[in-house]
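What follows is one structure encoded as structure tokens, with my remarks underneath.
The values are calculated or read from the model by the stated rules, or taken from the named source; none is laboratory data. This one's a predicted model, so the numbers in the text were calculated from it and none came from an experiment. Cβ atoms come from the backbone with ideal geometry, glycine included; neighbour counts cover every protein chain shown. Keep in mind that these areas ignore ligands, DNA and RNA; they rest on the heavy atoms of the full protein, side chains included. Shrake-Rupley method; radii C 1.70, N 1.55, O 1.52, S 1.80 Å.
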Amino acid sequence: MSERQARPASNAEPVDPLRVWFRFIRLSRRVTAAVAAELRELGLSIPQFDVLSTLSEREGLTQQELAARLYVTKGNVSGLIDRLVEAGLVERRSIPGDRRSHALHLTGAGAEVAARGIAAQAAYVARTLGRLDDADLRAFEDLVVKWRELARADASI
């Protein structure tokens with residue numbers, strides 16, 4: 001890797017937000033593809049892993065609550081849940097007093113696969129982002145949080 005590829009442009013050069021945006025998008029695609037490859041070895045797609053990892057943090061969500069957490073439609077979640085139920089990784093449980101909704105829970109096998117997926121993701125992060133020094137990592141987190149706040153404010157306009 002050349003010095004130019006390894007190092008960002010010097011501070012003397014003007015920074016083009018659009019160039020930064022494209023670099024960020026390409027990086028996002030690269031890391032998503034890398035994690036997707038590791039999850040495929042576990043028999044999971046990224047959306048399936050998203051469901052399992054979310055349920056590992058908070059079981060008992062309804063499909064509507066899960067869809068809101070994942071920023072997808074209830075219809076998208078419905079198909080995912082159907083396949084995960086068929087695979088024996090998730091189960092639907094009745095909610096007393098609510099005949100239309102079900103609480104979603106991981107099965108033992110689902111919890112095991114979720115844990116393996118989380119470990120694979122953590123290992124990838126450790127091999128990449130985790131190699132930044134504390135100051136760089138803190139600066140990166142600060143920038144991501146600032147960008148998130150700008151995006152949230154823009155969405156409310």
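Here the accessible area of the chain is 54 percent carbon and sulfur, with a 1.4 angstrom probe and all protein chains present.
Cβ-Cβ distance of residue 157 and residue 72, R₀ of 30 Å, FRET efficiency by 1/(1 + (r/R0)^6): the value works out to about 0.80. Relative contact order for the chain: 20 percent, from Cα pairs under 8 Å spaced at least 6 residues apart, divided by residue count.
Placing a pseudo-label 7 Å from each Cα along the Cα-to-Cβ vector at residue 83 and residue 149 gives an inter-label distance of 3.8 nm. Heavy-atom accessible surface of the stretch 1-111, averaged per residue, reaches 70 Å², computed with a 1.4 Å probe.
Under Stokes-Einstein, with the Kirkwood radius over Cα pairs as Rh, the value for the chain at 4 °C and 1.567 mPa s is 70 µm²/s. Using the Cβ-Cβ distance between residue 36 and residue 95 with R0 set to 41 Å, the FRET efficiency from 1/(1 + (r/R0)^6) comes to roughly 0.80. Take the Cα of residue 16, step 7 Å toward its Cβ, do the same at residue 123, and the gap between the two points is 3.9 nm.
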